[in-house]
Amino acid sequence: MVIHIDNKEYNIKSGKNLLEACLSVGLDLPYFCWHPAMGSVGACRQCAVKVYKDENDTKGRLVMSCMEGVKDGLYLSIEDKTAKEFREQVIEWLMTNHPHDCPVCDEGGACHLQDMTVMTGHDYRRFKYKKRTYTNQYLGPLIHHEMNRCIQCYRCVRYYRDYAGGDDLNVFAAHNHVYFGREKDGVLQSPFSGNLSEVCPTGVFTDKTLKEHYTRKWDLTMSPSVCNHCSVGCNTIAAERYGELRCILNRYNGDVNGYFLCDRGRFGYEFVNSENRIKRVIIRNRAGEASTEEELMQHLQPLVSMSKIIGIGSPRASLESNFALMQLVGKQNFYQGISEDEAHLNRVCIDVLQSGSVHSASLKEIEQADAVLVVGEDIWNTAPMMALAVRQAVVKTAGAEASQHVQIPVWLDSAIKELAQEDKGFLAVLNVSASPLDELATHAWHATPDDLSRAAFAIAAYLQPGKLQADNFSEELTNQAKAIGEALKQAKNPVIITGVSSYNDNVIKAAFDIAASLNTAGRKTGMACVMTECNSMGLALMDAPAFNHAMDSVRPNGHATAVILENDLYRHLTPNLVDNFLNKCDHIIVLDSLHNSTTEKASVLLPAATFAEGDGTLVNNEGRAQRFFQVIPNADTQVKESWQWLWKMQMLRSQKVNGHVLHPDELLQKMETDMPQFKGITSVSPGHDYTIHGERIPREPHRYSGRTAIQANKNVSEPKPFYDGDSPLSFTMEGFKGVPPSWAVPFFWAPGWNSVQSVAKYQDEPNGSLKGGNPGVRLLQDKKKENADLFFKDVPEQFVITKDKWLLLPKFHVLGSGELSGYTKALEVLSPELFAIISPKSAEALNVKEGDMLQLTDAGIAYGSLPVKVLDNMCDGVVFVNAGSRGTVGMNWGTRINLAKVN
Amino acid sequence: MAVKLLLEKAHVEGIRTYDVYRREGGYRAVEKALKSMSPEAIVEEVKKSGLRGRGGAGFPTGMKWSFIAKPEGVPRHLVCNADESEPGTFKDRYLMEFIPHLLIEGLIISSFALGSNATYIYIRGEYAWIPDILEQAIAEAKANGWLGKNILGTGFDCEIYVQRGAGAYICGEETALIESLEGKRGNPRIKPPFPAVKGVWDRPTVVNNVETLAAVVPIINLTGEEYAKIGVGRSTGTKLISACGNINKPGVYEIDMTISVEEFIYSDEYCGGIANGKRLKACIPGGSSVPILPANLLFKTAKGETRYMNYESLSDGGFATGSMMGSGGFIVLDEDQCVVKHTYTLARFYRHESCGQCSPCREGTGWMEKILKNIDTGKGKMSDIDLLWDIQRKIEGNTICPLGDAAAWPVAAAIRHFRDEFEWHVLNPEESQVRNFGLAHYADAREVVA
């Protein structure tokens, strides 16, 4: 529809509010309380405009643009004198109590309040009185609290409580002394608390980890990056100064993470700066270090020329590195560095997602689902942002439902909240144990993975009666299946979520059967399979055998060299298995970024780049390939991307020395040719030689300062900027000015918009796609929809609980699980201790109570003993062991083990 | 002697008890309404009566009732707003304290008319002793079959619950009241949805003032048509006025809205004149938030017509030369009162009672209070008066709920009519601390007439 803004015509999508309309056509209009992901409440009164009855109306009326919907032919004015004066007055009001501490405030230079103050033109202070002050609170190791700066926009509580479902942050007191904080000092309980630092329009809530090594936003070198800490693949901005990674910011991707990140993703970056980093080449059992590359190459020459060379790939290394390893060792010698079980589960996920019967759902699609079923995956802990998306699906469905009955637009958050009250969209969670997601669930049910899959098969059987072979379901299962199946049938966009962490392929198969059955005409059904690591999907797509097979391929004294890529095998596999393998190999070359149990075994240890020092591509659980770009220049160190090292080794092995410098795009091209499943991988981003009108894309904002002083202690001349030959991004502030292509956004900035709110200038519309489409390429293409039939028809037997054999499953923790994120001290503090977790009934059967020690043994493997923790709301017959945290070892998850009380 | 519909029996010995109230003709209206009238007919009767909301805004009650949505299978609620917190207003307290059964009777009829099976009285926290009186009355009514299941064999069920507030002025605003009733922070809601569609717990809700609901009793007893004959124009029926300030006889008076302001102040039947033989300076006729009127505009409108105690006449002249009937909190100031201090006191009240949700009210009220305090204590500047004017002008009409307006109007009117007093404070910082400005050229209206 057409609306008139200051006598100019604009085409606007219907259903928007006036503020969204103004922002989407690129106009500047200040606001505070409105947030694109959270809608309007009309609290700050900052976005006032004049609206006129028609073109002849000269008087008009002042309205809050966030509270009025667009109407065809509407006349409004941003520039109207009364409106401008009022907006200036609102800023003046807000500034009456806001301290003048910008020079010492963490937000300074990236502050929405600063930007809006400048935008309204308020510059003279008429308020002559003392400002009100508050006591700040300790909110834990992640978020810093500075209440004096608060302008009471209520965004923090709306985000924390309504959007993220937290309940320990609230608004207290009244009038001009309202307080946003906790009831008393203490750690914020929500694992999404980090977003407060971006949601807050000023410096009340700031990133405490950044404070430890603070740098102004304009002094940061920034790159588009992808989160490394789970399989969801949220888009991030990695920011560096003086060779140190300073912080992680959200990088908007309308299809994936939108405006938010989880705390593991935002704060888990500190491993990059860790003292435990491998920074130099280490050659063990040899006098003297390899000080030059020539020396190293000489040493490596015989190793890589061995007749038997085995490559162990990694679920957390980039596709480029895994592929380079495959190139080095040959396809027949390349193995996935994960257990056979996990590889099998990943394979099942890919098979079902590629079957053509279901659509692999993006995070955005999950957020827009009108019914969600989670089976056998504790997404709160294994894919936190997916849990947040499910929360939005559940809450927004209720809101959308409510808004249909009354003429209230969905963006009118306060009214929608009142209308929906406690109503929720449909969510069923069938899991081994409870998670905070259960609170939102219409159905929450806890059982062993076998029984979960039976429950899921029962739903599939309800949706397609008479198709299952052994459908001797109990009455309870049948009734539950009927209730859940019926709700899913009512939905237009249902999503079925499952994953590998139950270590049970029937769970995935049954979830698929439900999704496929629902995928009928008039209904778009999505399916999501959560995996364990950031590139689990990419590695699985390479379709290599699992680690066990590597073992079989080496004969004792077979003169083999193993090349292990960025992988602590001891975390994925049982220690005896890894030891066996390593003992069989003559030489062990390990490429990694941090010292761990596997690197200890290396005869040659090569320093690999982290995501911050290198470029690469990761494939998330949706099958979306995404590029991350280097942000820390590594000119002075031995650190290289693994694929660079592996290319060098390949040159050695093939004895070709042609001086060719390998670009990552060449690797991807070769990969696309060699492996059709990676078709499209080259279009994630263009090659290293891409320019815009001959200019490269700068990683530094144009206000970057101190360039000439950075190395002044060594040399007063301005250092030559590090040249990045691998990508179209440059390590300078010069180059293309303007909105770069969506895959190459190193930071968000627009004239007058220095804060993260500037993302609006990079989008088609608030909450919409980035200009030119959201980045990432989906490798799992939807095929033509076939006639849906049940795919898997074998229903497993009911799980039988026995007193001597207990099903061993991993228990992940939203903040604590993560090999790399565990190096962030703040997260380490918040992660749980190691426990053997059992249900109250199991504890009774084992005659143990909380705090007792349990001995865990599995056919010859002694896992040692762990203290008991008794958990309500988990099924009987299962023992959980905390997994994924630092210091944990691989176990035979999904097998049945012996438990015995230690006296 | 004026007509009395509400307080006629208020001073009968023991009227607080059911037996006396019933003996004096109480609950006749319930019998009549429930036995012989349909809910629609009651709404029609209230419409005919011309009854206007007695809480302050003066919205026609019958019309408000007809807006209530009636979705199938969804309960509806009537909420009695007894959060009487406007400074200068204490009529509802008086009514509830002395003749509680009148309110209960009105509530039963109104609940029947609106289809509310669970009706709430939300009472301000400071009225600490009143809930006991109301609960006693409710218990008596229930014991005598006026409440509970199947009232009078009509099949209509009704329970009345008393809910105490925690002392926030803002909870008198109907949507904030609903939030508070639901157990939430008392912040006003954004409308739409209106309470008539989605109110308490998302159900259609009507919120009415105590006096409004009590007035339903005489409307049923007299019929709407007869009720409408009392009073004048669109100001029908009787109105309770709580008079206070520098008058000889402060108290609650029931008036029939045909008497003049002058008569109300000086007649012995009502206020009995200015106390201690002082002269009249100004008056706030409808509770602290309505514009203050200097004596010369109080008895006569700007056009020179007599000003009467009714909705239309009190607001004659708009805010430039008129005021509002408001909640009936009639505050009289004599020549010894300082308008600056008075305005500061009100500003302090509104600052304290702002919920803190939207910026103009939250920040503006605090700032106005500080400026007024400075002027009052002799630290003000001339520019402060203009600044005050500017701040109040930008608050008015730009807030989520009417509290912003309520805070802005007294300041605006004080400056509009008493600017010279503010200026005198600024120009005479020391003198203003020891003596009052007095009447200046705003001579007592009676003297002008004389």
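Taking segment A:397-416 as the range and being crowded, with 19+ Cβ neighbours inside 10 Å and away from every other protein chain (no Cβ under 14 Å) as the test, only A:397 passes. The set of residues in segment B:386-418 being part of a helix (DSSP H, G or I), buried (at least 19 other Cβ atoms within 10 Å of the Cβ) and under 20 Å from the mean Cα position of the chain (by Cα) consists of B:403, B:404, B:406, B:407, B:408, B:409, B:410, B:411, B:413. Taken over segment A:172-193, residues that are away from chain B (no Cβ under 14 Å), out of contact with any strand residue (DSSP E or B) (no Cβ under 9 Å at 6 or more places or on another chain) and crowded, with 18+ Cβ neighbours inside 10 Å amount to 3. Note on segment A:194-270: enclosed helices (runs of 4 or more DSSP H) holding 2 or more residues that are under 18 Å from the mean Cα position of the chain (by Cα) and surrounded by 22 or more Cβ atoms within 10 Å (Cβ to Cβ) are A:196-199, A:263-267.
Residue by residue, here is whether (1) over 30 Å from residue A:18 (Cβ atoms); (2) within 14 Å of chain B (Cβ to nearest Cβ); (3) in contact with a helix residue (DSSP H, G or I) (Cβ under 9 Å, 6 or more places away or on another chain) holds:
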{"site": "A:360", "(1), (2), (3)": "yes, no, yes"}
{"site": "A:377", "(1), (2), (3)": "yes, no, yes"}
{"site": "A:386", "(1), (2), (3)": "yes, no, yes"}
{"site": "A:392", "(1), (2), (3)": "no, no, yes"}
{"site": "A:418", "(1), (2), (3)": "no, yes, yes"}
{"site": "A:445", "(1), (2), (3)": "yes, no, yes"}
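For segment B:262-283, the set of residues classified as closer than 27 Å to residue B:96 by Cβ and either hydrophobic (A, V, I, L, M, F, W, C) or touching a Gly at 6+ places or on another chain (Cβ under 8 Å) (or both) consists of B:264, B:265, B:271, B:283, listed by residue number.
The residues of segment A:117-148 that are closer than 30 Å to residue B:389 by Cβ and either within 26 Å of the chain's Cα centre (by Cα) or basic (Lys, Arg) (or both), listed by number, are A:125, A:126, A:128, A:130, A:131, A:132. For segment B:18-47, taking the residues that are among the β-branched types (Val, Ile, Thr) and in contact with a helix residue (DSSP H, G or I) (Cβ under 7 Å, 6 or more places away or on another chain), the one that is farthest from residue B:217 (Cα to Cα) is identified as B:43.
Entry remark, segment A:72-87: residues being under 39 Å from the mean Cα position of the chain (by Cα) and within 14 Å of chain B (Cβ to nearest Cβ) number 1 in total. Of the residues A:448, A:478, which single one is of a type in the set (Val, Ile, Thr) and touching a Phe, Trp or Tyr at 6+ places or on another chain (Cβ under 6 Å)? That would be A:448, the only listed residue that is of a type in the set (Val, Ile, Thr) and touching a Phe, Trp or Tyr at 6+ places or on another chain (Cβ under 6 Å).
Yes/no per residue for (1) at pLDDT below 95; (2) surrounded by 23 or more Cβ atoms within 10 Å (Cβ to Cβ):
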{"site": "A:34", "(1), (2)": "no, yes"}
{"site": "A:43", "(1), (2)": "yes, yes"}
{"site": "A:50", "(1), (2)": "no, yes"}
{"site": "A:64", "(1), (2)": "no, yes"}
{"site": "A:73", "(1), (2)": "yes, no"}
{"site": "A:80", "(1), (2)": "no, no"}
{"site": "A:88", "(1), (2)": "no, no"}
{"site": "A:91", "(1), (2)": "no, yes"}
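Each row is one residue, and each column tells you yes or no for (1) surrounded by fewer than 17 Cβ atoms within 10 Å (Cβ to Cβ); (2) among the aromatic types (Phe, Trp, Tyr); (3) modelled with pLDDT of 95 or more.
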{"residue": "A:698", "(1), (2), (3)": "no, no, yes"}
{"residue": "A:707", "(1), (2), (3)": "yes, no, no"}
{"residue": "A:712", "(1), (2), (3)": "yes, no, no"}
{"residue": "A:742", "(1), (2), (3)": "no, no, yes"}
{"residue": "A:747", "(1), (2), (3)": "no, yes, yes"}
{"residue": "A:754", "(1), (2), (3)": "no, no, yes"}
{"residue": "A:759", "(1), (2), (3)": "no, no, yes"}
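Return a yes/no flag: does segment B:38-48 have any residue that is assigned to a loop (DSSP other than H, G, I, E, B) and not hydroxyl-bearing (Ser, Thr, Tyr).
No, segment B:38-48 contains no residue that is assigned to a loop (DSSP other than H, G, I, E, B) and not hydroxyl-bearing (Ser, Thr, Tyr).
It is to be established whether one or more residues within segment A:474-492 are buried (at least 23 other Cβ atoms within 10 Å of the Cβ), away from chain B (no Cβ under 14 Å), in a helix (DSSP H, G or I) and among the basic types (Lys, Arg). Looking through segment A:474-492, none of the residues is buried (at least 23 other Cβ atoms within 10 Å of the Cβ), away from chain B (no Cβ under 14 Å), in a helix (DSSP H, G or I) and among the basic types (Lys, Arg). Residues in segment A:861-894 that are surrounded by fewer than 17 Cβ atoms within 10 Å (Cβ to Cβ) and not in a loop (DSSP other than H, G, I, E, B): A:861, A:862, A:864, A:867.
Here the condition is being away from every other protein chain (no Cβ under 14 Å), surrounded by 18 or more Cβ atoms within 10 Å (Cβ to Cβ) and under 14 Å from residue A:32 (Cβ atoms); of A:152, A:114, it holds for A:114 alone. Meeting the requirement of 2 or more residues that are within 28 Å of residue B:30 (Cβ to Cβ), the strands (runs of 3 or more DSSP E) wholly within segment B:187-292 are B:205-209, B:239-245, B:251-255. Residue check: residue A:62 meets all listed conditions (1) part of a strand (DSSP E or B); (2) more than 14 Å from chain B (Cβ to nearest Cβ) but one, namely (2). For residue B:440, indicate whether it is among the small types (Gly, Ala, Ser), at pLDDT below 95 and either on the phi > 0 side of the Ramachandran plot or surrounded by 23 or more Cβ atoms within 10 Å (Cβ to Cβ) (or both). So residue B:440 passes the test.
For segment B:365-374, a residue qualifies if it is facing chain A (nearest Cβ under 8 Å) and within 24 Å of the chain's Cα centre (by Cα), and exactly one does: B:365.
Within segment B:70-85, none of the residues are in a helix (DSSP H, G or I) and either surrounded by fewer than 14 Cβ atoms within 10 Å (Cβ to Cβ) or at pLDDT 95 or above (or both). Restricted to segment B:294-382, the set of helices (runs of 4 or more DSSP H) holding at least 3 residues that are without any contact (Cβ under 8 Å) to a residue 12 or more places away in the chain comprises B:359-376.
Among the conditions (1) over 25 Å from residue B:312 (Cα atoms); (2) touching a helix residue (DSSP H, G or I) at 6+ places or on another chain (Cβ under 7 Å); (3) of a type in the set (Asp, Glu), residue B:225 misses just one, which is (1). Restricted to helices (runs of 4 or more DSSP H) entirely inside segment A:320-421, those with at least 1 residues that are without any contact (Cβ under 8 Å) to a residue 12 or more places away in the chain, closer than 30 Å to residue A:66 by Cα and not assigned by TED's automatic domain parsing to the domain that holds residue A:564 are A:384-405, A:413-420. Can you say whether residue B:403 is within 13 Å of chain A (Cβ to nearest Cβ) and at pLDDT 95 or above, as far as the supplied structure shows? Judged against the criteria, residue B:403 is not a match.
The values are calculated or read from the model by the stated rules, or taken from the named source; none is laboratory data. Note that the coordinates shown come from a computational prediction; the quantities given were computed from them, not determined experimentally. No Cβ is skipped: glycine too gets one built from the backbone with ideal geometry, and neighbour counts run over all protein chains shown.
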